[in-house]
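Student: Below: one structure in structure tokens.
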Amino acid sequence: MLMLWVKALHIVLIASWFAGLFYLPRIYVNLAMESDPAAQQRLLLMARKLFRFMTMIAVPALACGLWLWLVVGIGQGQGWMQAKLGVVILLIAYHAYCGRLLSLFEQGRNTRSHKWYRWFNELPVLGMLAAVVLVVVKPF
Ligand code: HEM
């Protein structure tokens with residue numbers, strides 16, 4: 001019973017984390033196109049708040065997953081779980097890189113185009129697709 005509550009919490013928190021992973025790079029698209037300093041400051045404020053929110057939400061989201069894996073023992077020694085952990089590491093790296101890009105924007109040192117951010121914005125879609133298929137279909 002407790003396991004199902006934690007799993008439900010895991011899914012809700014992961015969905016909230018992804019709201020940030022999807023929307024923060026979208027703000028970067030707008031930042032890369034904006035030349036008005038006042039508008040840039042407004043976008044930067046939004047980006048900073050969103051990054052703080054998604055970092056705070058990622059911690060319990062991943063902790064619930066770790067609990068299901070290490071304490072309950074779901075997926076131990078199974079290929080889908082190992083593959084999922086690989087995807088999770090990539091998503092954490094993506095998250096950290098978003099933080100690095102944010103500090104570059106804050107220092108006025110962005111060098112990338114809005115087109116680059118549009119492509120960058122698609123990467124978490126692949127991560128979510130892979131993670132959900134791995135836990136639900138468990139193909140191996
Ligand atoms: C440290 C990271 C994570 C660990 C250790 C972890 C572990 C787990 C475990 C053990 C389950 C239970 C699977 C089952 O009952 O068959 C689960 C469920 C789930 N996880 Fe994660 N997870 C993590 C991160 C993520 C991420 C990043 C996503 C992104 C999409 C995700 C999506 C899901 C979903 C959708 C379920 C529900 C599957 C079902 O219907 O049973 N998890 N997770």
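Student: For the structure I just gave you, tell me whether VAL88 is part of a helix (DSSP H, G or I), within 16 Å of the ligand (Cβ to nearest atom), of a type in the set (Val, Ile, Thr) and under 27 Å from PHE140 (Cα atoms).
Tutor: For VAL88, the condition - part of a helix (DSSP H, G or I), within 16 Å of the ligand (Cβ to nearest atom), of a type in the set (Val, Ile, Thr) and under 27 Å from PHE140 (Cα atoms) - is met.
Student: Look at segment 128-137 and say how many of its residues are surrounded by 12 or more Cβ atoms within 10 Å (Cβ to Cβ) and more than 7 Å from the ligand (Cβ to nearest atom).
Tutor: Number of matching residues: 3.
Student: Starting from residues that are more than 13 Å from the chain's Cα centre (by Cα) and of a type in the set (Lys, Arg), keep the ones in segment 42-74 and report whichever is farthest from TRP5 (Cα to Cα).
Tutor: ARG42
Student: Scan segment 39-59 and report the pairs whose first residue is farther than 16 Å from TYR28 by Cβ and whose second residue is assigned to a helix (DSSP H, G or I) and aliphatic (A, V, I, L, M), with Cβ atoms within less than 6 Å and a gap of 6+ or a chain change.
Tutor: Pairs found: ILE57/LEU13.
Student: Can you confirm whether segment 58-74 contains a residue that is at pLDDT 95 or above, hydrophobic (A, V, I, L, M, F, W, C), in contact with a helix residue (DSSP H, G or I) (Cβ under 7 Å, 6 or more places away or on another chain) and surrounded by fewer than 15 Cβ atoms within 10 Å (Cβ to Cβ)?
Tutor: Among the residues of segment 58-74, at least one is at pLDDT 95 or above, hydrophobic (A, V, I, L, M, F, W, C), in contact with a helix residue (DSSP H, G or I) (Cβ under 7 Å, 6 or more places away or on another chain) and surrounded by fewer than 15 Cβ atoms within 10 Å (Cβ to Cβ), which makes the answer yes.
Student: Here's a check for you: in segment 93-112, which residue that is surrounded by fewer than 12 Cβ atoms within 10 Å (Cβ to Cβ) and not in a loop (DSSP other than H, G, I, E, B) is nearest to the ligand (Cβ to nearest atom)?
Tutor: Taking the candidates together, the pick is ALA93.
The values are calculated or read from the model by the stated rules, or taken from the named source; none is laboratory data. Quick caveat: nothing in here was measured; it's all calculated off a predicted structure. All Cβ positions, glycine included, derive from the backbone under ideal geometry; neighbour counts span all protein chains shown.
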